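Student: One structure follows; several queries about it will come next.
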Amino acid sequence: MRTAIRRVLEEDVRIEVVGDASTFVQVMQMIEKCEPQVLLIDLHLPEKSDFTPSFVRNQLGRVKHILAISFSNDEEAKSLASSYGVETLLDKMNLYAELGPAILASARNLPNLTLGRV
């Protein structure tokens with residue numbers, strides 16, 4: 001899934017993919033190293049449940065715009081996303097249609113869009 005998302009994003013010349021991670025610990029390292037302006041994160045990323053929502057929100061808070069993906073966009077997923085400071089929750093089933101526009105909408109005022117994807 002990560003490879004497919006990366007390929008889709010790299011087709012858009014307005015988006016630069018600057019990082020990739022498969023666990024929450026790697027996300028924290030990627031944020032520190034790459035300083036992305038927009039972060040796409042899976043709500044159910046491995047290791048993330050090992051941390052409190054406030055810790056996760058603090059770590060993710062270093063990114064200007066946070067988008068999350070989830071198979072379920074029910075009230076529980078929306079509440080979890082909100083607790084992490086996510087501005088847009090995307091449904092994995094409609095991801096390819098929604099992803100590019102959501103990223104560009106989040107970053108429309110950023111001069112040089114860079115994206116950290118997980």
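The values are calculated or read from the model by the stated rules, or taken from the named source; none is laboratory data. All of these numbers come straight from a predicted model, not from anything done at the bench. Note that we place each Cβ from the backbone using ideal geometry, even for glycine, and neighbour counts take in every protein chain shown.
Student: Kindly indicate the residue of segment 81-107 that is over 18 Å from Arg7 (Cβ atoms), outside any strand (DSSP E or B) and not hydrophobic (A, V, I, L, M, F, W, C) and also modelled with the lowest pLDDT among those meeting that condition.
Tutor: Restricting to residues being over 18 Å from Arg7 (Cβ atoms), outside any strand (DSSP E or B) and not hydrophobic (A, V, I, L, M, F, W, C), the top hit is Ser106.
Student: With the requirement that a residue be in contact with an Asp or Glu (Cβ under 7 Å, 6 or more places away or on another chain) and modelled with pLDDT under 90, what does segment 1-22 give you?
Tutor: If the condition is that a residue be in contact with an Asp or Glu (Cβ under 7 Å, 6 or more places away or on another chain) and modelled with pLDDT under 90, then Arg2, Arg6 are the ones that fit.
Student: Next question. Specify the residue that is surrounded by the most Cβ atoms within 10 Å (Cβ to Cβ); the eligible residues are those in segment 1-30 that are within 23 Å of Lys78 (Cα to Cα) and under 13 Å from the mean Cα position of the chain (by Cα).
Tutor: Among them, the one singled out is Val27.
Student: May I ask you to list the residues in segment 76-87 that are buried (at least 17 other Cβ atoms within 10 Å of the Cβ) and either within 17 Å of Val17 (Cα to Cα) or among the hydroxyl-bearing types (Ser, Thr, Tyr) (or both)?
Tutor: Within segment 76-87, just Tyr84 meets the criteria.
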